[in-house]
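The values are calculated or read from the model by the stated rules, or taken from the named source; none is laboratory data. As the structure is a computational prediction, the values presented were derived from the model and not from experiment. All Cβ positions, glycine included, derive from the backbone under ideal geometry; neighbour counts span all protein chains shown. Side chains included, ligands, DNA and RNA excluded: accessible areas come from the protein's heavy atoms. Shrake-Rupley method; radii C 1.70, N 1.55, O 1.52, S 1.80 Å.
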Amino acid sequence: MLLYSVNENIWSLNSGIEYAQMLRTKTLQAAGYGAKIVTRDYNRMLSHDVGTLGLAASDYINMYDYFQQTTAVERVEQHSRLLPQIPLDQYHVNFVDGEHSTITDPNGLVGVIKMMPGTVGLVGEVVYTDNLQQPLQTEIWDWRGFKSKQTMYHPDGQVAVENYLRLDGTVALEVVHMWINGVVQPTLWHLINYRGQDYNFTSENELFTFFLNELAGQELVTFVVDRLSIMPAVTGVTGALAKYAYFHEDHKYEGGPDLKAEAAAVMALTPSDLDGIIVATAAQAADVAPYTNLPVQVLPSASYAPVDNSAQNDDLEYLSYVGRLAPEKQIIKLIATFALVHQIAPPARLRLQGYFVSPAYEQEVRDYIRNNYLDTVVEIWPYNPDTTALFDHTSMYLSMSSHEGLNLSVVAAMAHGIPAGVMASTYTVPAVVEDDYNGLVFAAAATPEAMAQQIIELFLNPSRLVGMQQAARVKATGYAAAEFVAAWREMLRIR
Amino acid sequence: MIYFINNDFNYSKSGIEHAQLKRMYLFRHHGEPFQLITLQWNSQLHNILAAEGVTAAERINLFDYYQHATDLAVRPCTLADLTLGLPQPINYTVEATTGATVAHYPSGNLCARIYARPDHQLERIERFDDYGNLYAVDYYDVRGFKSMTQWYTPDNKIGRQAWYTPAGQVVLQNWYHADYHGQMQPTYWLLTDHDGAVYRFNHFDKLAGHFINQLNNQGHTPNIFVMDRSEHIDDALLHLDKPAYTIMHIHSSHTTDSQNPNDAIVNNNFEFGLVNIGAFNGVISATVKQAHDIAMRYPQVKHSYAIPVGVVSDELLAQPQRPINERTANKVVVLARIAPEKRLDHMIRAVAIAHQQVPDVTLDIYGYVNDAQLDANLHALVQELGLAEVVTFKGYTEDTGAVLDDAVAFGVTSEMEGFNLAVMEAISHGVIGLTYDVNYGPNEIVQDEINGYVVPYNDYPALGERLTTLLQDAALQQALSTGAYYSAQRYNEAHVWQAWQQLINDAHAMMEAH
């Protein structure tokens, strides 16, 4: 019996969804249950990127790795100057910069070597070109140091064929790019000699369905889909014990009654397609139920172990936020609120940990900080799934996002005994944050002045604050591993 | 190793392929190892050469070599081996318009059009996506593996060709790009060599050069390369890493006007090689006369060998001679294609002259028709000269021995020749030769007044007179026929092998000097 948490990919920078998948997988494994993450997309950096989430090769399975028979390959460091395929008695390899070298012979350019991102001199790609730099073929290396993929081009430079390779160089999967209504795009996924037979698919999702059925055919499995975009591939799976969709986000668009398209599509499914929808809070379950004929269940999206936060006191030190730095997370509003707190309580500082969703938004946020003379009191920390350092000396967790599913970072903060201030309109309220008990709940229309006022008042009342810190810890214990596993076991037993 | 280089080898063979086959027979018979090199990809090569008795060890093809398929047993590979990515079992049907076997997607769209060989081995598969695009054509080797795929562009042109190992690795690719006129042309080659090294070439000749150089580097003994065709390889033989004994073999007249060997424009096929002939170790001609002419015109030639391209087998030489009076009286034959350069009208006019004195003379012409218009013209000429009862067009025959054993004389009126194996075969059957003094071959194989007559070039009245005289004198016929049998000894195995041994000895001497 195996629980597969289904996703498109795991990236170098991840959202709470991947974080939740990682925690779910680890927690179930620790309790002796089979659990893995399964991803669809080709990602030659995957084995590297999963490391940032603390995952090992045995914790996940990727579709391309599976068909390329490369799920269990140990990493070797393949230096670009020691590539057996480049005969150094014939070709010059010319250092250009840290990111690429050229291959030349007396007739001119032969190709370009691009380095593996984040390495010094390890091969990432070899592009064979004509003398005038038009690529003939791009060869892509996996992070683990083997040639994983070849892309060939039509004479006009558009992609013609992508070959996904086995370790012995044979082609496991060829993706053909031809015309659909006069536009070159992938038209055929041709799986070659898989268990002695070829298979054709007209989309990557069709192939993914086939793949999930293959997994389902090997043991008893349950699929939980955490990214709804991939749901269409999963509804076609026939061999699983059960299939569920997990709504990590609000199923409605921000600020309105309209359903998100992907969520609406899932809710419109019938029990023959999907066994149920899972949400993190009872409140969201109640809201989802009227839209669907599917069973809607509440299960925690993650578990947290309580953390001893000995540095914690009742001073107002750091206000912290962790998560994507995106417009819908209302980062500017959060900084504005903090600025007002800082005016009254000058020792207060703000820490933001995460990645900006765009360079433009990063510029906007940094400009705002500079224009308000907050450079010395607002710190922006890079993306890091580990929040231990962030929550050290954090007095309060803040999030101004108005539409969310359950905010896992709030639970993580409470495990450190940190009260949280969140918007009333999210599903984090009241499931995790209860106003004046373990945090502050801000009204949807609350201004930064009003929210700053609530924060200042809290820190002027040490006994109230200590009470909230204790309440936060208590709340977090509800997300302990034992409770998490018990809840999921219950669900897995439903069938 | 001694290598004989050809560009390709097909079922229809020209004189060069015939010469190579006879030479290989000779080498095989004398236990001297050799390999036939061919350069072009040819999915039928195994069968073509097997039918000629050439073993896998005796041949090496550029593509086979890089595809790891030099010594591969034939294995069945038929429709039953295909899955095509379709739900099994596949419901095949036969397409009326093409006769091909076709398979369809569940959508009803065409998935594959499959062509098989008469022995049911797969030949090629046209592959379509579910949107109606022909995206690739797979070609199968007769030995039973997918050898090459042509990948198509969306506008239905070949964009790339890829060659595979029998295990399925892509080891060789050739891209196509539009030229200045918008026509797709083969451009770059990408080769994955046996050691994993990847080479990019911008022309097939560079790939061929890499291959020939690699073969030369492998040998532990001195290599000899005999270049029977120059295309794609003459430049490469000048740029080998390691010394080898390189020979250019001339299989035809080296000039466009064979009667003017010293001053006429050089035959395009030989020009580059002959201009650079001093950088080769030698040149082979099929006749002493051409060997001499080349040495005169190109004094930088290191060795100008005369080695007959034909061999008269010991078995044939041992057969009893057939006297003239056991042959059909006054039977003249010609073994030649119906082609302009053979100038069969000259021969017909010469026979017309003899016919005036020798009413029962007959002329049988054996050879396939290369030129239908010419064939009609020749028939008209026969009618015009009133020779309908004299001249017969017999078509192509495999059984030339029986034809020659029954003939008295044969004629050659060609514009030019490289050797002319038919002349050699004729004298070995005791047939009397009558030929123009034409370069190269007929005027050497036929010896005036010994085994026949050599008349001035283009002088068919002289040929007619000689024929008349001959056919009126039975004793003369027997004397010249006996002379023909004896003169064939010049082309016996021992004699020809001796010529090759001289070349091999020279090669060893040169290599030892290095």
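Restricting attention to the stretch A:359-374, does a residue exist that is open to solvent by 10 Å² or more (accessible area, probe 1.4 Å), outside any helix (DSSP H, G or I) and either basic (Lys, Arg) or modelled with pLDDT of 95 or more (or both)? Yes: the stretch A:359-374 contains one or more residues that are open to solvent by 10 Å² or more (accessible area, probe 1.4 Å), outside any helix (DSSP H, G or I) and either basic (Lys, Arg) or modelled with pLDDT of 95 or more (or both). Are any of the residues in the stretch A:179-193 open to solvent by less than 10 Å² (accessible area, probe 1.4 Å), touching a residue at least 12 places away in the same chain (Cβ under 8 Å), touching a helix residue (DSSP H, G or I) at 6+ places or on another chain (Cβ under 7 Å) and within 11 Å of another protein chain (Cβ to nearest Cβ)? Yes, the stretch A:179-193 contains at least one residue that is open to solvent by less than 10 Å² (accessible area, probe 1.4 Å), touching a residue at least 12 places away in the same chain (Cβ under 8 Å), touching a helix residue (DSSP H, G or I) at 6+ places or on another chain (Cβ under 7 Å) and within 11 Å of another protein chain (Cβ to nearest Cβ). Inclusion of A:Leu88 among residues that are open to solvent by 50 Å² or more (accessible area, probe 1.4 Å), in the same structural domain as A:Lys114 (by TED's automatic domain parsing) and on the phi < 0 side of the Ramachandran plot is warranted. Under 6 Å between Cβ atoms, at least 6 apart or on separate chains: pull out the pairs that start in the stretch A:333-360 with a residue that is under 17 Å from A:Leu460 (Cα atoms) and end on any residue that is open to solvent by 30 Å² or more (accessible area, probe 1.4 Å) and in a strand (DSSP E or B). Sorted first by the residue in the stretch A:333-360, then by its partner, the pairs are A:Arg349/A:Tyr318. Tallying residues that are surrounded by fewer than 16 Cβ atoms within 10 Å (Cβ to Cβ) and either assigned to a strand (DSSP E or B) or aliphatic (A, V, I, L, M) (or both) within the stretch B:57-78 yields 3. Residue count for the stretch A:78-107 satisfying the condition of being part of a loop (DSSP other than H, G, I, E, B), away from chain B (no Cβ under 12 Å) and charged (D, E, K, R): 1. Taken together, B:Ala402, B:Ala388, B:Ala372 contain a single residue that is open to solvent by 10 Å² or more (accessible area, probe 1.4 Å) and over 28 Å from the mean Cα position of the chain (by Cα), which is B:Ala388. Only a single item in (1) within 11 Å of another protein chain (Cβ to nearest Cβ); (2) of a type in the set (Asp, Glu); (3) open to solvent by less than 40 Å² (accessible area, probe 1.4 Å) is not met by B:Asp141, and it is number (1).
Among the residues making up the stretch A:148-178, a single one is more than 9 Å from chain B (Cβ to nearest Cβ) and at positive phi: A:Gly157.
In the set (1) more than 13 Å from every other protein chain (Cβ to nearest Cβ); (2) in a loop (DSSP other than H, G, I, E, B); (3) within 20 Å of A:Val176 (Cα to Cα); (4) β-branched (Val, Ile, Thr), B:Ile114 fails one condition alone, (2). Evaluated against (1) open to solvent by 10 Å² or more (accessible area, probe 1.4 Å); (2) modelled with pLDDT of 95 or more; (3) facing another protein chain (nearest Cβ under 8 Å), A:Asp130 falls short on exactly one condition, (2). No other residue among B:Leu172, B:Leu215, B:Leu190 is within 8 Å of another protein chain (Cβ to nearest Cβ) and buried (at least 16 other Cβ atoms within 10 Å of the Cβ) apart from B:Leu190. Checking each residue in the stretch A:200-230 for being aliphatic (A, V, I, L, M) and either in a loop (DSSP other than H, G, I, E, B) or within 16 Å of A:Leu3 (Cα to Cα) (or both) picks out A:Leu212, A:Leu215, A:Ala216, A:Leu220, A:Val221, A:Val224, A:Val225.
Taking the condition under 22 Å from the mean Cα position of the chain (by Cα) and either open to solvent by less than 50 Å² (accessible area, probe 1.4 Å) or not assigned by TED's automatic domain parsing to the domain that holds B:Gln259 (or both), does B:Pro323 pass? Judged against the criteria, B:Pro323 is not a match. A:Gly124 satisfies every condition listed in (1) within 14 Å of chain B (Cβ to nearest Cβ); (2) crowded, with 16+ Cβ neighbours inside 10 Å; (3) touching a Lys or Arg at 6+ places or on another chain (Cβ under 9 Å); (4) at pLDDT 95 or above except (1). Scanning the stretch B:499-511 for any residue that is within 30 Å of B:Phe4 (Cα to Cα) and surrounded by 22 or more Cβ atoms within 10 Å (Cβ to Cβ) turns up at least one such residue. Residue check: A:Ser272 meets all listed conditions (1) under 23 Å from the mean Cα position of the chain (by Cα); (2) surrounded by fewer than 21 Cβ atoms within 10 Å (Cβ to Cβ); (3) of a type in the set (S, T, N, Q) but one, namely (1).
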